[in-house]
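This report concerns only the one structure given below.
The values are calculated or read from the model by the stated rules, or taken from the named source; none is laboratory data. Remember, it's a predicted structure, so these values are computed and weren't measured experimentally. A quick note on method: Cβ atoms are made from the backbone with ideal geometry, for glycine too, and the neighbour counts reach across all protein chains shown. With ligands, DNA and RNA removed, areas are computed over all heavy atoms of the protein, side chains included. Shrake-Rupley method; radii C 1.70, N 1.55, O 1.52, S 1.80 Å.
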Amino acid sequence: MKLYNTATKKLETFKPISNEVVKIYTCGPTVYSSPHIGNFASYIYWDLLIRTLIANGYKVNRVMNMTDVGHLTSDGDDGEDKLEKGARKENKTVWEVADFYINEFMDSFHALNLLEPEKICRATDYVKEDMAAVDAMIKNGFTYETADGIYFDTAKFADYAKFANLDLENLKAGARVEFSNEKRNPSDFAVWKFIQPGEKHAMRWDYLGRPGYPGWHLECSTIINAELGEPIDIHTGGIDHIPVHHTNEIAQTYAISGKALANYWLHCNFINIDGQRIAKSTGNIYTLADLAERGFSPLDYKLWVLQGHFQGDRNFTFEGLDAAKNRRLNWKNRIAMELQHPQKTDGKISEKLLEALNNNLNSAEAFAIIDNTTEISLDDWRNIDSLFGLKLIEETPDISDEYKALIKDREAARAAKDWQKSDDIRHELELKGITIKDTPDGSIWQYLK
């Protein structure tokens, strides 16, 4: 199995730390608003990663976080906490906002038939661990204190710029002095924020004799340390995490424990919509509920995502989604054909599919193999469902005895040249979502949607 490793900038053969279990961490959502379809692309790609590892015989222990505190408006250290902003907008408490959007996220997660991580961790459940981590960084000489928090001194970590190939000299030259005259380096970041006098911040914990809350980047390091232990095998996230969030995670973990955080880093690219970045300002934010209103299943969208590569630039259009829906329907009707005329194959397609996925999760190549293979048995279709989680078998049940009787009545009507009755039965079946194709071998039923 080969994976592109952001840390080394090359395709590498995957070698787990232990033959017992593969340790994986996925950066989860900040739960302050409804997730859009672009947010879910990464979780679809990482679901494919997990399913491919399982198909290769690995056992997986995956942890995912839920950011319910500390993520400021920017990925730096300025602005308002996103949960606080969401709570004010919706006239709810921050806890109510977090609970609501965690539930909404997980509903969509399950609708996409994504394998749930072994553990899902809320950031607010690890604040004691955050404090212990900051204690360790202070003790090890990696931090300094300002009026608004405890900051990580990136100059103390020699490899800070390495992961993202950062140009720290130009960053320093272009820094705005007014941003924070207490920061020693523009790349320094808060590991703990102090709540200022008069500042309303509902989520607060006393630390170093003052109320405050953990910096956003800290939670992932502490959750990994508590639940998996460093180093882990694979850390996943979006490419937007590379220059700031993941770079800071690596620095923090080294400062706390002296260890590397992960051996393999996988990052997925963005989903654009009609050629534009997804943003409220452009009005191109769609949720799974929005797609459902237009007649698309979450699994139609999942298939659309998997038609491309996790590292590739993707452009979403409804025309493209419609084509993915039709592709999925075609596959379901190939299963329907198998239900009516079972055939045995040698299972080699399953080997070919896994070979494609083992080449850096190349699901597009795997889908082409499915399209270009004429004979696929039900066992192979079950394996396809195991690899991609598209519920093709589950959503293609055999038709009822009542429908089968109607098809026989129609065949009898056709034999008697009673074309009106034949058409009436066809119409009746179409109203029930079933269409009939007449072939030299008899009538074949298929699903209309």
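For region 300-339, a tally of residues being of a type in the set (Val, Ile, Thr) and not in a helix (DSSP H, G or I) returns 1.
When you look at THR124, is it surrounded by 18 or more Cβ atoms within 10 Å (Cβ to Cβ), of a type in the set (S, T, N, Q) and more than 30 Å from TYR301 (Cβ to Cβ), yes or no? Yes, satisfied.
When region 410-441 is filtered for residues that are surrounded by fewer than 12 Cβ atoms within 10 Å (Cβ to Cβ) and over 42 Å from the mean Cα position of the chain (by Cα), the ones remaining, listed by number, are ALA415, ALA416, LYS417, TRP419, GLN420, THR439, PRO440, ASP441.
Quick check: anything in region 3-15 in contact with a strand residue (DSSP E or B) (Cβ under 7 Å, 6 or more places away or on another chain), surrounded by fewer than 21 Cβ atoms within 10 Å (Cβ to Cβ) and of a type in the set (Asp, Glu)? Among the residues of region 3-15, at least one is in contact with a strand residue (DSSP E or B) (Cβ under 7 Å, 6 or more places away or on another chain), surrounded by fewer than 21 Cβ atoms within 10 Å (Cβ to Cβ) and of a type in the set (Asp, Glu), which makes the answer yes.
Residues that are more than 16 Å from the chain's Cα centre (by Cα) and among the aliphatic types (A, V, I, L, M) within region 288-313 comprise ALA289, LEU291, ALA292, listed in sequence order.
Only one of the numbered conditions (1) open to solvent by less than 60 Å² (accessible area, probe 1.4 Å); (2) modelled with pLDDT under 95; (3) part of a loop (DSSP other than H, G, I, E, B) is not met by ASN181, and that is (1). Among the residues of region 119-172, the ones that are of a type in the set (Phe, Trp, Tyr) and either farther than 13 Å from GLY215 by Cα or modelled with pLDDT under 95 (or both) come to 5 in all.
Among what's in region 193-209 and is open to solvent by less than 50 Å² (accessible area, probe 1.4 Å) and either within 21 Å of LYS259 (Cα to Cα) or modelled with pLDDT under 90 (or both), pick the residue that is nearest to the chain's Cα centre (by Cα). Step by step, filter region 193-209, then rank; the result is MET203. Of the residues making up region 132-156, those that are assigned to a loop (DSSP other than H, G, I, E, B) and open to solvent by 20 Å² or more (accessible area, probe 1.4 Å) are ASN140, GLY141, PHE142, ALA147, ASP148.
The single condition from (1) touching a residue at least 24 places away in the same chain (Cβ under 8 Å); (2) in contact with a strand residue (DSSP E or B) (Cβ under 8 Å, 6 or more places away or on another chain) that ASP300 fails is (2).
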